[in-house]
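**Student:** Pasting a structure below so you can have a look.
The values are calculated or read from the model by the stated rules, or taken from the named source; none is laboratory data. Quantities reported herein were computed from a predicted structural model and do not represent experimental measurements. Positions of Cβ are backbone-derived with ideal geometry, glycine not excepted, and every protein chain shown enters the neighbour counts.
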Amino acid sequence: MSADAIMRRRRGSALEDAILEAAWAELSIAGYAHFTFEAVAKRAHTSRPVLYRRWPTRTDLASAAIAQHVRQNPIDVPDLGDLRAELCMILRKFADRSPPKLLRLLFEMNEDMAGENASFTDERFREHPLQPVIERAVQRGEIDEQRLTPRIARMPLGLVLHEIMVTVKPVSDAAIAEIVDEIFLPLVAAASPK
(Lines give C-alpha, C1' and ligand atoms only; values in the text may rest on other atoms or scores of the structure.)
Protein backbone atom coordinates (compact mmCIF):
# COMPACT_ATOMS: atom_id res chain seq x y z
CA MET A 1 0.00 0.00 0.00
CA SER A 2 1.41 3.39 -0.92
CA ALA A 3 1.96 6.23 1.55
CA ASP A 4 -0.74 8.23 -0.26
CA ALA A 5 -3.25 5.42 0.22
CA ILE A 6 -2.38 5.22 3.92
CA MET A 7 -2.82 9.01 4.28
CA ARG A 8 -6.25 8.89 2.65
CA ARG A 9 -7.49 6.03 4.80
CA ARG A 10 -6.50 7.21 8.27
CA ARG A 11 -8.59 9.87 9.90
CA GLY A 12 -9.30 11.21 13.36
CA SER A 13 -7.89 9.24 16.26
CA ALA A 14 -6.29 6.57 14.05
CA LEU A 15 -4.24 9.22 12.28
CA GLU A 16 -3.44 11.02 15.52
CA ASP A 17 -2.29 7.78 17.17
CA ALA A 18 -0.05 6.98 14.19
CA ILE A 19 1.48 10.45 14.33
CA LEU A 20 2.09 10.31 18.08
CA GLU A 21 3.64 6.84 17.79
CA ALA A 22 5.92 8.16 15.04
CA ALA A 23 6.77 11.20 17.17
CA TRP A 24 7.62 8.98 20.15
CA ALA A 25 9.83 6.81 17.93
CA GLU A 26 11.65 9.89 16.63
CA LEU A 27 12.14 11.24 20.15
CA SER A 28 13.44 7.88 21.34
CA ILE A 29 15.89 7.56 18.47
CA ALA A 30 17.03 11.12 17.77
CA GLY A 31 16.20 12.99 20.96
CA TYR A 32 14.52 16.36 21.10
CA ALA A 33 17.49 18.27 19.67
CA HIS A 34 17.03 16.50 16.32
CA PHE A 35 13.25 16.15 16.49
CA THR A 36 11.58 17.57 13.38
CA PHE A 37 8.11 17.72 11.89
CA GLU A 38 9.58 16.43 8.64
CA ALA A 39 10.97 13.26 10.24
CA VAL A 40 7.72 12.58 12.10
CA ALA A 41 5.62 13.16 8.98
CA LYS A 42 7.82 10.79 6.99
CA ARG A 43 7.70 8.07 9.67
CA ALA A 44 3.89 8.45 10.02
CA HIS A 45 3.36 8.50 6.23
CA THR A 46 1.61 11.84 6.33
CA SER A 47 2.41 15.47 5.56
CA ARG A 48 3.77 18.29 7.69
CA PRO A 49 0.59 20.41 7.28
CA VAL A 50 -1.39 17.56 8.87
CA LEU A 51 0.93 17.78 11.88
CA TYR A 52 0.88 21.58 12.09
CA ARG A 53 -2.93 21.62 12.12
CA ARG A 54 -2.93 19.55 15.30
CA TRP A 55 0.29 20.70 16.99
CA PRO A 56 1.54 24.18 16.06
CA THR A 57 5.04 23.70 17.54
CA ARG A 58 7.45 20.82 17.84
CA THR A 59 7.21 21.20 21.63
CA ASP A 60 3.43 20.64 21.40
CA LEU A 61 3.98 17.52 19.29
CA ALA A 62 6.75 16.14 21.49
CA SER A 63 4.71 16.82 24.64
CA ALA A 64 1.68 15.06 23.16
CA ALA A 65 3.84 12.05 22.24
CA ILE A 66 5.29 11.83 25.76
CA ALA A 67 1.85 12.20 27.36
CA GLN A 68 0.48 9.41 25.14
CA HIS A 69 3.45 7.17 26.00
CA VAL A 70 2.74 7.69 29.72
CA ARG A 71 -0.99 6.95 29.23
CA GLN A 72 -0.23 3.81 27.22
CA ASN A 73 2.19 2.54 29.85
CA PRO A 74 0.33 2.96 33.13
CA ILE A 75 1.90 1.85 36.36
CA ASP A 76 -0.39 -0.37 38.40
CA VAL A 77 0.36 -2.46 41.45
CA PRO A 78 -2.05 -5.04 42.85
CA ASP A 79 -3.11 -5.01 46.48
CA LEU A 80 -0.36 -7.02 48.16
CA GLY A 81 -1.66 -6.28 51.65
CA ASP A 82 1.59 -4.56 52.60
CA LEU A 83 2.52 -0.92 52.03
CA ARG A 84 6.27 -1.52 51.83
CA ALA A 85 5.95 -4.27 49.22
CA GLU A 86 3.56 -2.19 47.11
CA LEU A 87 5.79 0.90 47.32
CA CYS A 88 8.90 -1.01 46.30
CA MET A 89 7.07 -2.58 43.37
CA ILE A 90 5.55 0.65 42.10
CA LEU A 91 8.82 2.59 42.44
CA ARG A 92 10.63 -0.18 40.55
CA LYS A 93 8.08 0.00 37.72
CA PHE A 94 8.25 3.81 37.69
CA ALA A 95 12.06 3.79 37.57
CA ASP A 96 12.06 1.25 34.74
CA ARG A 97 9.64 3.41 32.74
CA SER A 98 11.75 6.54 33.35
CA PRO A 99 15.22 5.64 32.08
CA PRO A 100 17.99 8.28 31.99
CA LYS A 101 17.41 8.70 28.23
CA LEU A 102 13.80 9.85 28.82
CA LEU A 103 14.84 12.33 31.50
CA ARG A 104 17.53 13.72 29.20
CA LEU A 105 14.78 14.24 26.64
CA LEU A 106 12.74 16.23 29.16
CA PHE A 107 15.75 18.42 29.94
CA GLU A 108 16.28 19.05 26.22
CA MET A 109 12.68 20.25 25.95
CA ASN A 110 12.77 22.43 29.04
CA GLU A 111 13.91 25.68 27.35
CA ASP A 112 11.31 25.46 24.58
CA MET A 113 8.57 24.64 27.10
CA ALA A 114 9.51 27.65 29.21
CA GLY A 115 9.38 29.83 26.09
CA GLU A 116 5.83 28.62 25.45
CA ASN A 117 4.77 29.02 29.10
CA ALA A 118 4.26 25.28 29.39
CA SER A 119 5.73 22.81 31.87
CA PHE A 120 5.76 19.16 32.77
CA THR A 121 3.44 19.96 35.67
CA ASP A 122 0.60 20.56 33.18
CA GLU A 123 -2.41 18.29 33.61
CA ARG A 124 -1.53 16.24 30.50
CA PHE A 125 1.61 14.93 32.25
CA ARG A 126 0.10 14.32 35.65
CA GLU A 127 -0.34 10.82 36.81
CA HIS A 128 -0.78 9.59 40.32
CA PRO A 129 0.37 5.96 40.40
CA LEU A 130 0.97 6.10 44.15
CA GLN A 131 -2.55 7.23 44.99
CA PRO A 132 -4.19 3.76 45.06
CA VAL A 133 -1.27 2.36 47.09
CA ILE A 134 -1.52 5.20 49.59
CA GLU A 135 -5.32 4.94 49.83
CA ARG A 136 -5.10 1.20 50.54
CA ALA A 137 -2.42 1.78 53.16
CA VAL A 138 -4.55 4.43 54.89
CA GLN A 139 -7.51 2.00 54.95
CA ARG A 140 -5.28 -0.75 56.38
CA GLY A 141 -3.99 1.66 59.05
CA GLU A 142 -0.39 1.60 57.79
CA ILE A 143 -0.30 5.35 57.05
CA ASP A 144 -1.37 8.11 59.38
CA GLU A 145 -3.45 10.30 57.06
CA GLN A 146 -2.75 13.34 59.27
CA ARG A 147 0.96 13.05 58.48
CA LEU A 148 0.41 12.73 54.73
CA THR A 149 0.66 16.02 52.82
CA PRO A 150 0.46 16.32 49.01
CA ARG A 151 4.22 17.00 48.86
CA ILE A 152 5.05 13.97 50.98
CA ALA A 153 2.74 11.83 48.82
CA ARG A 154 4.68 12.94 45.69
CA MET A 155 8.08 12.56 47.31
CA PRO A 156 8.87 8.88 46.55
CA LEU A 157 8.44 9.39 42.79
CA GLY A 158 10.38 12.66 42.96
CA LEU A 159 13.25 10.94 44.75
CA VAL A 160 13.37 8.20 42.11
CA LEU A 161 13.56 10.86 39.38
CA HIS A 162 16.25 12.69 41.36
CA GLU A 163 18.27 9.49 41.64
CA ILE A 164 18.07 8.95 37.88
CA MET A 165 19.08 12.55 37.14
CA VAL A 166 22.00 12.58 39.57
CA THR A 167 23.47 9.18 38.72
CA VAL A 168 22.37 9.02 35.04
CA LYS A 169 21.97 5.28 35.65
CA PRO A 170 19.04 2.98 36.28
CA VAL A 171 17.85 3.10 39.87
CA SER A 172 18.98 0.16 41.99
CA ASP A 173 16.68 -1.88 44.20
CA ALA A 174 18.85 -0.77 47.15
CA ALA A 175 18.14 2.90 46.37
CA ILE A 176 14.41 2.18 46.16
CA ALA A 177 14.50 0.36 49.50
CA GLU A 178 16.34 3.33 51.03
CA ILE A 179 13.72 5.79 49.71
CA VAL A 180 10.93 3.64 51.15
CA ASP A 181 12.49 2.56 54.45
CA GLU A 182 14.60 5.54 55.47
CA ILE A 183 12.63 8.47 54.08
CA PHE A 184 8.98 7.84 53.19
CA LEU A 185 7.79 5.30 55.75
CA PRO A 186 9.23 7.15 58.79
CA LEU A 187 7.36 10.28 57.68
CA VAL A 188 3.93 8.68 57.23
CA ALA A 189 3.83 5.48 59.27
CA ALA A 190 0.94 5.18 61.68
CA ALA A 191 1.97 4.81 65.32
CA SER A 192 2.05 1.25 66.51
CA PRO A 193 -0.68 0.43 69.01
CA LYS A 194 0.71 0.10 72.54
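**Student:** Please go through (1) closer than 24 Å to residue 17 by Cα; (2) surrounded by fewer than 14 Cβ atoms within 10 Å (Cβ to Cβ); (3) touching a residue at least 12 places away in the same chain (Cβ under 8 Å) for residue 81 and return the number of the only condition it doesn't satisfy.
**Tutor:** Just one mismatch for residue 81, condition (1).
**Student:** Can I ask one more? Looking at residue 52 and the list (1) surrounded by fewer than 17 Cβ atoms within 10 Å (Cβ to Cβ); (2) under 24 Å from residue 161 (Cα atoms), which single condition is not satisfied?
**Tutor:** (2)
**Student:** Give segment 136-184 a look and list any residue that's assigned to a loop (DSSP other than H, G, I, E, B), among the β-branched types (Val, Ile, Thr) and free of Cβ contacts under 8 Å to residues at least 60 places away in the same chain, or say none.
**Tutor:** If the condition is that a residue be assigned to a loop (DSSP other than H, G, I, E, B), among the β-branched types (Val, Ile, Thr) and free of Cβ contacts under 8 Å to residues at least 60 places away in the same chain, then 149 is the only one that fits.
**Student:** Contact list please: Cβ distance under 6 Å, first residue in segment 37-66 and among the β-branched types (Val, Ile, Thr), second residue not in a helix (DSSP H, G or I), pairs at least six apart or on different chains.
**Tutor:** Sorted first by the residue in segment 37-66, then by its partner, the pairs are 59/116.
**Student:** Let me ask something additional. Determine, yes or no, whether residue 137 is modelled with pLDDT of 85 or more, within 28 Å of residue 17 (Cβ to Cβ) and among the small types (Gly, Ala, Ser).
**Tutor:** So residue 137 does not fit the description; no.
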